[in-house]
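The structure appears right after this line, and notes come after that.
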Amino acid sequence: MPPSPQLTFERERNVRVLISLTFGILLAYVAGSVLGTQVVLNNVDAMGLDVTLAMRWSSSLSDVTGLASTLLPLMAIALLPGWLILYWLGQRPTRRVAPAWFILTGAMGIAVLHPTLNWVFGVDVFAPARTMSGLLGQALAGGLGGVAVALSRRGGVGD
């Protein structure tokens, strides 16, 4: 007996939500990694050492792969709960979740992540987030992930 159309629709919607959230997390991670690398390299440049464009590219690519085992899971933990709650609220027949909430939730999730890790462990886990500009750059990365999630919801994806 083939699955009911309702069950097929539910599965398709859940797969789309999973893809949307995964893409949002990956975009936030890549943006956060690259922005963090640039913050560190700007500090190196400010010390008088020459930082070429090739060094920036190479360092960024190296950090994207090198931070995948630490920063990526931390960002996923910081982003997923808020976005899942927003998806759940959007499923309610009486609620509509504005796309800006996904952007704000992504930015705030990452902005809170780094100071919380510092508070819990007593050390800055991600050096670029030590400064306000670095922390704002990380929040921007979380917001970019939220943009990806919000855009993927257009046209009823996940609704």
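Could you list, bin by bin from short to long, the percent of Cα-Cα pairs of region 20-159 in 10 Å steps?
13, 40, 29, 14, 4, 1
Relative contact order for the chain using alpha-carbon pairs under 8 Å, separation at least 6, rounded to a whole percent?
On the way: 190 pairs, mean separation 57.8, N = 159.
RCO, the chain: 36 percent.
Quick one: what are the phi-derived ³J(HN,Hα) couplings along region 74-90, Karplus 6.51/-1.76/1.60 with θ = phi - 60°, whole Hz, x for glycine and proline?
5, 5, 4, 5, 6, 8, 4, x, x, 5, 5, 4, 5, 4, 4, 4, x
Rounded to the nearest 500, what is the 222 nm mean residue ellipticity of the chain from helices alone, with -39500 (n - 2.57) per DSSP H run of 4+ residues and division by all residues?
Result for the chain: -27000 deg cm²/dmol, rounded to the nearest 500.
Mind ordering 35-48, 71-84 by average Cβ neighbours within 10 Å, highest first? Walk me through the numbers on the way to the answer.
Values: 35-48: 15.4, 71-84: 18.4.
With the highest mean Cβ count within 10 Å placed first, the list reads 71-84, 35-48.
Work out the length of the dipole vector of the chain about its Cα centre, built from +1 on the beta-carbon of each Lys and Arg and -1 on the beta-carbon of each Asp and Glu, and round it to the nearest 20 debye.
660 debye
Values in this text are rule-based calculations from the coordinates and carry no lab data. Small disclaimer: the values here were computed from a predicted structure and weren't measured. All Cβ positions, glycine included, derive from the backbone under ideal geometry; neighbour counts span all protein chains shown.
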